[in-house]
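A.B. asks: Sharing a structure, written as structure tokens. Questions coming.
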């Protein structure tokens, strides 16, 4: 993509109404646009990042036999009435202009909807286990919308739901999802802490959350320095400086960003929708369920909060909008432009994702500042100086390490890809 044509420009100054690092850098870098408090548009650069995160999630979900689907954002009242969740204050009611009362809500979760669907297709133990997920926009009446992508009224979420014939089978899948989540966040460049938490409006059981330790996080967790066992402050009996109940290690208190969660649902929803199955002896039983969520935008925001420096974002390789940022330094020598165009075409021909800074109205300093702000992992610089050595300059955004690479190798060296 040519930077001169990209929709969304970099800003010199951070938005005055934003406090969090992720909001400042993502808006300055041209990744997102703030429409309202807690409501953002993803511009092309931001959508590429979000799509990369979604790709990682899809790969990992498909690897544990979860099937992708898509459910409606409009959820009819009858579904939430079945579980007495229609009056939960988190939702936005949706009604027509001429209707006096709402008969729909904008979906803030989809346990009820999918359970109703599953009741039409699950009849026997032979139909189990089953796992289905979607990546879709959720709507929640968040009164404290703030911190950029970390707390919003509208956000994109991956929600997975699993259906089981036995508690043991559910627990086994729960552990599989746990490991899968840890791998997803690792691939996104995040180190997460697996944390015991409350069930909220979803279940009466304890649940688990995945937290990224970060000073700006709104959650507070107690974590063992020795074994990593952690509990959310809301339900914890641990104390900072005390001993871990699992290994006697030292407990610390940290702020954290919740990026994912997993919930044991038991038979709460299956009982509400008569989701039963016949076991191997022909006896009717209730299906045991679990639900598992990841906030894609929140994950993106957590990456920026934890991976940045004074100059801008430092995207991890698999979540970066592009692999390379090709920067042509303005020069009166037409050969520089000619070679930059050749390198750009070579990258496209090889299927390499590259953002090409071809802007003629920007100085070298402005281009370098924008490259650091946008944060693509590898910067390629072509100038009269590098051409004198038949090379391009390669700089690693994370380490700052600079090397020269022969232009001929870009066409022939597979390691370049």
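The values are calculated or read from the model by the stated rules, or taken from the named source; none is laboratory data. Computed from a predicted model, the values in this text were never measured in an experiment. Using ideal geometry, Cβ is built from the backbone for each residue, glycine included, and neighbour counts are taken over all protein chains shown.
A.B. asks: Which numbered condition in (1) under 30 Å from residue 14 (Cβ atoms); (2) outside any strand (DSSP E or B) is the only one that residue 347 fails?
C.D. replies: Of the numbered conditions (1) under 30 Å from residue 14 (Cβ atoms); (2) outside any strand (DSSP E or B), the odd one out for residue 347 is (1).
A.B. asks: Return the residues of region 301-329 that are surrounded by fewer than 17 Cβ atoms within 10 Å (Cβ to Cβ) and more than 22 Å from the chain's Cα centre (by Cα); say none if nothing qualifies.
C.D. replies: Listed by number, the residues that qualify are 310, 311.
A.B. asks: Look through 150, 128, 143 and report the one residue that is free of Cβ contacts under 8 Å to residues at least 12 places away in the same chain and either surrounded by fewer than 19 Cβ atoms within 10 Å (Cβ to Cβ) or on the phi < 0 side of the Ramachandran plot (or both).
C.D. replies: Details: 150 fails: free of Cβ contacts under 8 Å to residues at least 12 places away in the same chain; 128 fails: free of Cβ contacts under 8 Å to residues at least 12 places away in the same chain.
Exactly one residue qualifies, and that residue is 143.
A.B. asks: Looking at residue 292 and the list (1) closer than 30 Å to residue 48 by Cβ; (2) touching a helix residue (DSSP H, G or I) at 6+ places or on another chain (Cβ under 8 Å); (3) not in a strand (DSSP E or B), which single condition is not satisfied?
C.D. replies: Unmet condition: (3).
A.B. asks: Of the conditions (1) over 28 Å from residue 114 (Cα atoms); (2) surrounded by fewer than 20 Cβ atoms within 10 Å (Cβ to Cβ); (3) touching a residue at least 40 places away in the same chain (Cβ under 8 Å), residue 192 satisfies every one except a single condition; which number is it?
C.D. replies: (2)
A.B. asks: Here's a follow-up. Does region 141-169 hold any residues that are in contact with a helix residue (DSSP H, G or I) (Cβ under 8 Å, 6 or more places away or on another chain), closer than 19 Å to residue 217 by Cα and not in a strand (DSSP E or B), and which are they?
C.D. replies: 147, 148, 149, 150, 152
A.B. asks: Right, residue 376: within 30 Å of the chain's Cα centre (by Cα), in a loop (DSSP other than H, G, I, E, B) and crowded, with 18+ Cβ neighbours inside 10 Å or not? If you could, list the steps in order and put the result at the bottom.
C.D. replies: Working: within 30 Å of the chain's Cα centre (by Cα): yes; in a loop (DSSP other than H, G, I, E, B): yes; crowded, with 18+ Cβ neighbours inside 10 Å: yes.
Yes, satisfied.
A.B. asks: Please specify each residue of region 393-417 satisfying the condition of being at pLDDT 95 or above and closer than 21 Å to residue 358 by Cβ.
C.D. replies: 393, 394, 395, 397
A.B. asks: Here is a further query. Would you tally the residues in region 7-38 being in contact with a helix residue (DSSP H, G or I) (Cβ under 9 Å, 6 or more places away or on another chain) and buried (at least 18 other Cβ atoms within 10 Å of the Cβ)?
C.D. replies: 16
A.B. asks: Any idea which of 94, 73, 54 is in contact with a strand residue (DSSP E or B) (Cβ under 7 Å, 6 or more places away or on another chain), surrounded by 13 or more Cβ atoms within 10 Å (Cβ to Cβ), closer than 30 Å to residue 347 by Cα and at pLDDT 95 or above?
C.D. replies: Details: 94 fails: closer than 30 Å to residue 347 by Cα; 73 fails: closer than 30 Å to residue 347 by Cα.
Being in contact with a strand residue (DSSP E or B) (Cβ under 7 Å, 6 or more places away or on another chain), surrounded by 13 or more Cβ atoms within 10 Å (Cβ to Cβ), closer than 30 Å to residue 347 by Cα and at pLDDT 95 or above holds for just one of 94, 73, 54, which is 54.
A.B. asks: Which of the residues belonging to region 304-323 are out of contact with any helix residue (DSSP H, G or I) (no Cβ under 6 Å at 6 or more places or on another chain) and closer than 30 Å to residue 68 by Cβ?
C.D. replies: Listed by number, the residues that qualify are 306, 307, 315, 316, 317, 320, 322, 323.
A.B. asks: Can you work out which of the residues in region 97-115 that are under 30 Å from residue 283 (Cβ atoms) and touching a helix residue (DSSP H, G or I) at 6+ places or on another chain (Cβ under 6 Å) is surrounded by the fewest Cβ atoms within 10 Å (Cβ to Cβ)?
C.D. replies: Quick first cut of region 97-115, residues under 30 Å from residue 283 (Cβ atoms) only: 110-115.
Of the ones still in play, those that are also touching a helix residue (DSSP H, G or I) at 6+ places or on another chain (Cβ under 6 Å) are 111-113, 115.
On the way: 111: 24, 112: 22, 113: 19, 115: 26.
The qualifying residue surrounded by the fewest Cβ atoms within 10 Å (Cβ to Cβ) is 113.
A.B. asks: So residue 230 clears everything in (1) buried (at least 22 other Cβ atoms within 10 Å of the Cβ); (2) free of Cβ contacts under 8 Å to residues at least 40 places away in the same chain; (3) under 25 Å from residue 39 (Cα atoms) except one condition, right? Which one?
C.D. replies: Residue 230 satisfies every listed condition except (3).
A.B. asks: For region 21-41, which positions are under 17 Å from the mean Cα position of the chain (by Cα) and modelled with pLDDT under 95?
C.D. replies: Residue satisfying the conditions is 38 alone.
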